[in-house]
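Note sheet for the following structure.
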């Protein structure tokens with residue numbers, strides 16, 4: 001059951017998500033260039049590139065698990081923690097927590 005869901009994620013959901021992210025990137029770039037000067041777009045482009053790289057890595061890791069080359073996915077088994085328990089705004093928490101090893 002879990003393997004079937006992971007296979008669907010790898011074969012259908014991730015390719016579609018990557019297609020949609022790429023379309024968003026193009027649309028956002030067109031809007032940016034008509035609304036703002038080109039300066040600053042490199043920051044946004046870096047973020048889109050990082051997202052695309054993370055999606056590629058996710059697909060690679062899930063595929064390796066499905067084929068048996070990776071018996072477990074440690075990053076999914078790691079205990080998550082909140083380094084900033086006093087911050088309750090989910091957007092602020094997300095912006096600060098790129099990695100579980102991030103320190104205050």
For the stretch 2-71 the translational diffusion coefficient, Stokes-Einstein from a Kirkwood Rh over Cα pairs at 10 °C and viscosity 1.306 mPa s, in µm²/s, is roughly 116 µm²/s
Residue separation between residue 30 and residue 11 times 0.36 nm, minus their alpha-carbon distance, gives in nm 3.9 nm
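Only the coordinates and a few stated rules stand behind these numbers; no lab work does. These numbers come from a predicted model, not from an experiment.
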